Each structure stands twice: as structure tokens, then as C-alpha cells.
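Novice: Shown below is the structure under consideration.
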Amino acid sequence: MANMTWYVSCRRTITAAVAAALLFACGGTDPNRPDGGTAGDTGHDAGTQDGGPANGLAPDAGLPDAGPPDGGSVNELAPDAGIPDAGPPDAGSPDAGLPPLTPNPYPHPDRVVISELQTLGPTGNPADEFVEFYNPTDRELDLTGYVARFLNADTSITRTLCTFPGSAACTCTGFSGRVPAHGYLLLATDVFAAQPGRPTPDCTWNTNAASGTLSGYGGHLRLSAPDGGTVDLLGWWNGVNASSKPAAPETNPASGLSAAGASVERKAVSSALTADMAPGGTYAPSGNSCDTDDNGADFVLRAVAEPQNLASPREP
Ligand SMILES: [Ca+2]
Ligand SMILES: [Ca+2]
């Protein structure tokens with residue numbers, strides 16, 4: 001009998017201990033349960049506390065987005081790509097719009113122009129070529145869908161170099177299609193891009209593809225809008241084909257592209273001379289705004305080219 005009493009007492013003690021252990025394990029607080037569900041659940045949300053069910057698979061009401069704030073833009077034609085969310089305002093950085101500059105003080109067209117062109121590199125490599133574009137206006141301009149083409153003197157050869165911002169045989173990097181106010185865009189060959197010490201082209205065309213090169217021809221470079229209209233045009237002769245004529249509305253071609261490393265560069269103002277546009281010259285930091293639709297008068301010959309890209313300082 002004594003043994004039986006000990007057995008019952010001991011069994012009650014063990015049962016109580018197991019129950020306490022189970023209570024400790026299953027009841028009370030659950031550190032893995034940040035949501036507002038019932039105690040005792042074994043799962044947990046992945047994120048912040050929401051009003052959803054316990055073990056919530058239901059999402060939160062929405063976190064602030066990671067994008068830039070919208071509703072405002074600087075020097076842009078359109079709002080930025082940030083998507084409004086339903087949540088509280090985020091603390092993201094402002095859009096990539098650059099601070100405004102003082103208005104361009106020089107006469108200038110209300111569109112992007114071709115500002116500089118080289119058809120023969122400093123080492124005499126005929127595939128070492130670039131075309132530079134400049135936005136002379138006081139606002140950002142969108143070149144999406146615009147096309148840069150080369151046509152030879154008698155227009156028997158037409159080569160599409162690039163459809164912005166990127167197309168077959170033309171790769172653009174870090175270029176959304178928009179050129180900031182007073183900013184530059186650099187389109188160059190893959191050969192140019194491979195040379196040391198050069199600014200990185202914003203867009204690079206593949207000379208091994210059908211787009212080929214410009215060198216060896218007089219001809220013209222044409223920037224066309226998506227509807228086909230001519231935005232700007234630069235005709236040149238290179239000492240080989242002096243009969244090159246740009247198409248209307250331009251009159252005379254720019255001249256003198258036969259020397260290695262030389263370029264033709266659009267003037268800042270019509271009175272600018274070659275020395276004024278060279279480093280240290282009066283109009284060297286003053287942009288390339290002059291466009292009277294006479295390439296012979298609007299461009300000077302630069303003995304040493306100065307290719308500029310989107311990262312280059314903007315010039316009024
Ligand atoms: Ca023009
Ligand atoms: Ca330049």
C-alpha cells in the first residue's frame with residue numbers, strides 16, 4: 001500500500017511537470033510574432049506589424065517606395081519615372097534633374113544641334129570617329145526615337161549610326177534619352193571608345209556592323225526626329241571629296257577634316273574665331289549655340305578635337 005501511495009504521488013508530480021513544460025512552450029508570449037494575431041501561433045510575418053491575421057501571409061498596407069519623390073522635376077519635359085505610392089511620403093533623394101543654370105545668353109535654336117564631329121583619330125585611325133550633340137536650350141530635351149544617320153555626298157550611302165537611346169549596332173550606357181539643358185551627348189565608334197584617355201561615349205556604334213564609319217567620304221550627318229523631320233544637319237568635305245554638299249536647309253559644308261585628330265566644332269556665337277573656341281579662348285567655355293544653317297560659317301576647324309559627353313560640365 002505504501003508503494004501504491006508513492007506511485008500515485010510521483011505520477012501526479014511528473015504529470016504536473018510535463019503540463020508546466022507544455023504551457024511554457026505553447027502559451028504566453030511568442031517572440032516571433034510581430035503581428036497582431038493570437039497568442040500561440042507558431043509562424044510569423046516577415047515584416048512589420050500589420051493588421052492582418054495571425055501567421056499573416058497577408059501583406060502590410062505598403063511601405064514607402066524606394067524610388068525618388070515625384071510630383072516635381074527640374075529641367076525636365078516630363079515628370080520623373082517615380083511611381084506614386086499610397087503610403088506615407090518617402091525620404092528618397094530628389095530626381096536626377098540638375099540644378100537650373102542661368103539662361104543661355106547667346107542666340108540659339110530651340111532644339112538639339114550637332115556640335116562637333118571627327119572623322120580621323122589622332123593616330124590616323126579612320127575608324128576613330130565621334131559625333132557630339134549639344135542642347136543649347138534652357139530645359140532638358142528628350143531624344144528618344146531620334147535617329148543619327150550618315151549620308152555620303154551623293155546620298156548613295158545611308159548609314160544609321162544610332163536610334164536613341166540605343167538600337168541595333170548602337171549601345172547607349174547611362175543615357176535615358178534625355179539631354180540636360182546646356183549639356184552634351186557623345187556618340188562615337190567602338191574604336192574611339194577603346195582608346196585610352198577618352199571621355200566615355202554615351203552611345204557607341206559598332207563599326208563592324210552595317211553602320212560602318214564616316215571616314216573617307218565627304219557627306220553629312222543628320223539628326224532626325226521620330227517623324228522623320230530634320231532637326232539638324234552637318235555637311236563636311238574632307239579634302240577627298242570637295243563636292244560634298246549638305247542637304248537643305250544647310251548651305252555650305254564645313255571644311256578641313258583631312259588632318260588626324262582634327263574636328264569641326266560649332267561656334268558659340270557667329271563672331272567667334274577658331275582661336276576663340278580653342279582652350280583658353282574667349283568662347284571656349286561658352287557652348288555651341290550658333291546655328292545660321294550655314295555649316296561653312298557656323299563651324300570652325302579644331303586642330304585638336306574636344307569630345308564632350310553627358311558627364312562633361314554643362315556650358316551656357
Ligand atoms: Ca543647322
Ligand atoms: Ca566639344
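Laboratory data are not the source of any read-out in this text; all were calculated from the coordinates shown. For clarity, every value in this text was computed on a predicted model and none was experimentally measured. For neighbour counting, all protein chains shown are included, and Cβ atoms are generated from backbone atoms with ideal geometry for every residue, glycine included.
Novice: How would you order 199-211, 271-283 from highest to lowest mean count of nearby Cβ atoms within 10 Å?
Specialist: Working: 199-211: 19.7, 271-283: 15.2.
Most protected by this proxy first, the peptides run 199-211, 271-283.
Novice: Further question: So, by mean Cβ neighbours within 10 angstrom, what's the order for 292-300, 111-119 with the highest one leading?
Specialist: 111-119, 292-300
Novice: If you don't mind, another one. What share of all Cα pairs of region 113-302, in percent, falls into each consecutive 10 Å distance bin?
Specialist: Spelled out per bin, shortest first, that is 10, 39, 41, 10, 0.
Novice: Could you order peptides 258-268, 223-233, 148-158 by the average number of other Cβ atoms within 10 Å of their residues, highest first? List each step's numbers first, then the result.
Specialist: Values: 258-268: 21.2, 223-233: 14.6, 148-158: 16.2.
Listed from highest to lowest mean packing, they are 258-268, 148-158, 223-233.
Novice: Something else now. Fewest Cβ neighbours within 10 Å first, please rank CYS162, CYS172 accordingly. Can you show the working numbers first?
Specialist: Values: CYS162 24, CYS172 21.
Least to most surrounded, the residues fall as CYS172, CYS162.
Novice: Then there's this: Over region 113-302, what is the mean sequence separation of C-alpha contacts under 8 Å (at least six apart), divided by residue count, expressed as relative contact order in percent? Intermediate values should be presented prior to the final figure.
Specialist: Working: 500 pairs, mean separation 42.5, N = 190.
After rounding, I find 22 percent.
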